[in-house]
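Inspection log for the structure reproduced underneath, given as structure tokens.
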Amino acid sequence: IRISRLRARGVQHCSAMPRHRRKRTKTRTHQIKEPGEKELRETPRCFVVKRGNVGNHVKDLVQNMREVMLPNTAKSLRESMMNRIEDYLAVAGGLNVSHLVIFTSTKTSTYMKLCKLPQGPTLTFRVDSFCLARDVKVTQKRPRGGERDWTSAPLQVLNNFGPAAAPAASVQRPCPKPLVAEMLRGLFPAVDVPNFNEAECRRTALFNYDPASDHVHFRHYVVTKKPYGLDRGISKLMRTVRLPKLGNREDIADFVLGGGGAASDSELETTQEAPGRDGKVGIRLTELGPRMKLLLVKAEEGLCTGTVLYHRFVKKTPTQQEILEEKAKQRRKLNERNEKLEKRMGLAKEKDKKQKKKVEKALEMSKRARAAIGEDVEDSCDEEPAEKQRGAEGGGGGGAKKKKKFHPLYGKKSKKDTGDASAAGGTVEFGDSGRDGARGGERSQSGKGKGKGKRKGGGKGKSG
């Protein structure tokens, strides 16, 4: 429209104007580096799922734990009541998934199972208490959390898992700390010290062992940097964004000496010296949530099955332990034998299918060959039963007489009676005496009996 208006005004040479946008679109000039096979194999990945009937709070806890494990987990994974552990194990190999975190709930408490794929071991923790991420943010004045914080895996911190932190004497049957520490350490990727980039350090996951109660406390923080060696009030004054409010202060000294306002329980600042590009920096931790208080209940050798390595409430004698180990060994042998049999059966079924396909192909080729020479296979098959039926009905050309039905009152005549009747010209003579009538009644074959009385001469039957 603009070009036509300009031409109408006398402007002959005019080119189309470019499209104006709010922001300039920039094409990516660099190539995205895809992870290699070694990195895919060494980077731990996990599924965080729930099993059985759980409440809404546990469902939110599962979603919060998926956010903690980002980006090495499936955030939008959908489970169903029909899914089994074998289903997750079947797809774990193709997706390079190394761990499985399962949340279950009973009438008494909530449990978290940490499984190492594909052969175990399995740790079962009882969740004594937990707090969701949304509840943590309510207690903060300025909640922190951006999209860039979830692009890299969190740094893992294990505290008090060494031999120095011995459990208290009041704790009965303390948990095996080396096993717990090793399982938790394998849940997150290790730090690559030579290629470490501090800009990618945005979150941290803390596991703290409490020797007094034998619990493991979990916290999740976001990491920010600030200038090192400055008071909190001065650092707030030096910010270029979110300037502090000084309207209710009579003097700026009150703000500086007061520390710039009190911080909430979930906002912690450290004055530890840390190396950085610009010299010394300070680290600030802001909690994201969730919080969990875990107590180890059971440790198993296999994937949710196998020999029980540790149990907090059940203690077994060495003899019972040997019996259980023997049963587990027999169970493994039985499973191996069943796998071999299933493999053989599968090969046999495939062989039968191939043989069946060969036979069907040969029959189809023979039918095509017969059709090519003009032989109609289906018509010849249909004509044979029709000919048999016509032969049975026609009796070879002349129509066969219908067979008469037998009647009890009208039976066949004997040869002797038919000869006498033909000699006499079809007439029968009866004697005057009743004795001859009685005899005739006895000789008759069509009567009902030998005669009920002397006067009637043998009953109702006909004599000729």
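For the range 133-236, run through the chymotrypsin sites (Phe, Trp or Tyr not before Pro) and keep only the ones in DSSP coil with at most 14 other Cβ atoms within 10 Å of their Cβ. Present the calculation step by step, with values, prior to reporting the outcome.
Working: sites: TRP150, PHE161, PHE196, PHE207, TYR209, PHE218, TYR221, TYR228; in loops: PHE161, PHE196, TYR228.
Answer by residue number: PHE196.
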* Unit Cα scatterers, Debye sum, the range 107-197: log10 I(q)/I(0) for q = 0.20 Å⁻¹ -> -1.29
* Looking only at Cα atoms, what is the convex hull volume of the range 24-165 per residue, in Å³? -> 218 Å³
* Asked: Exactly which trypsin sites (Lys or Arg not before Pro) in the range 142-244 are in a DSSP loop and have at most 15 other Cβ atoms within 10 Å?
  -> ARG239, ARG242
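Using a simple charge model, +1 on the beta-carbon of Lys and Arg, -1 on the beta-carbon of Asp and Glu, nothing else, what dipole does the range 123-237 show about its Cα centre, in debye to the nearest 20? The partial results should precede the final answer.
Values: 17 positive and 11 negative charges, 109 e Å.
For this selection, approximately 520 debye.
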* When only DSSP loop residues count, what trypsin sites (Lys or Arg not before Pro) in the range 293-324 have their Cβ near at most 11 other Cβ atoms within 10 Å? -> LYS315
* Asked: What is the P(r) of the range 171-227, as percent of Cα-Cα pairs per 5 Å bin from 0?
  -> 4, 13, 20, 20, 17, 12, 8, 5, 2, 0
* How much net charge surrounds THR104 when only other residues with a Cβ under 9 Å from its Cβ are counted (Lys, Arg +1; Asp, Glu -1)? -> +3
* Could you list, in their original order, any pairs among LYS75/LYS113; LYS50/LYS141; LYS38/LYS354 whose Cα atoms are separated by more than 28 Å? => LYS50/LYS141; LYS38/LYS354
* Asked: Can you give the accessible area of VAL297 in Å² (nearest 10), computed on protein heavy atoms with a 1.4 Å probe?
  -> 20 Å²
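The values are calculated or read from the model by the stated rules, or taken from the named source; none is laboratory data. Not measured: the values here are computed from a predicted model. For neighbour counting, all protein chains shown are included, and Cβ atoms are generated from backbone atoms with ideal geometry for every residue, glycine included. Accessible surface is based on the protein model in full, side chains and every heavy atom, while ligands, DNA and RNA are left aside. Shrake-Rupley method; radii C 1.70, N 1.55, O 1.52, S 1.80 Å.
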